[in-house]
Amino acid sequence: MIKLLEIVNLICSLLFFSSGILVYYGILLGSNGWLINFIVGSLFILYSAFNYSKIKTIIKFIKQKRKDEYADKAIIYELISQFFILTISLVFISGIISRVFIEKTAVFD
């Protein structure tokens, strides 16, 4: 269960990181709103780092308290939240990909 949580967390963090990189790439394609694109790309990258470190800390705490009855509940709750974040990140990255590669423009004009 912990291994699944680590894998899903890594996928979520990489998707948010790649979303930020794609927003930066949209800035290179050119747009009028480069500042908002820079801010949004930075927020995507910062959230990916925050999410990755948050789950690593929770996993470390759960491994220390493994005999506790609430450890399994914590794993399940975090796994559910990571699947929710995975869904959101897939929606974000699909929108960003369509905007950057199909329309060949920045995400926010």
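Just so it is clear, none of the values below were taken in a lab; they were calculated from the coordinates. For clarity, every value in this text was computed on a predicted model and none was experimentally measured. So basically every Cβ, Gly included, is an ideal-geometry build from the backbone, and we count neighbours across all protein chains shown.
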Q. Inside region 22-39, can you point out the residues that are under 22 Å from ILE85 (Cβ atoms), β-branched (Val, Ile, Thr) and surrounded by 15 or more Cβ atoms within 10 Å (Cβ to Cβ)?
A. VAL23
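For every residue, the table says whether it meets (1) under 20 Å from the mean Cα position of the chain (by Cα); (2) surrounded by 16 or more Cβ atoms within 10 Å (Cβ to Cβ).
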{"residue": "ALA49", "(1), (2)": "yes, no"}
{"residue": "TYR52", "(1), (2)": "yes, yes"}
{"residue": "ILE59", "(1), (2)": "yes, yes"}
{"residue": "GLN64", "(1), (2)": "no, no"}
{"residue": "ASP68", "(1), (2)": "no, no"}
{"residue": "ILE85", "(1), (2)": "yes, yes"}
{"residue": "ILE93", "(1), (2)": "yes, yes"}
Q: Pull up region 77-104, narrow it to residues that are touching a residue at least 60 places away in the same chain (Cβ under 8 Å) and among the aliphatic types (A, V, I, L, M), then point me to the one that is farthest from ASN37 (Cα to Cα).
A: LEU79
Q: For VAL107, indicate whether it is surrounded by 14 or more Cβ atoms within 10 Å (Cβ to Cβ), touching a residue at least 60 places away in the same chain (Cβ under 8 Å), of a type in the set (Val, Ile, Thr) and in contact with a Lys or Arg (Cβ under 8 Å, 6 or more places away or on another chain).
A: yes
Q. So, of the residues in region 68-96 that are of a type in the set (Asp, Glu) and part of a helix (DSSP H, G or I), which turns out to be farthest from PHE17 (Cα to Cα)?
A. ASP72
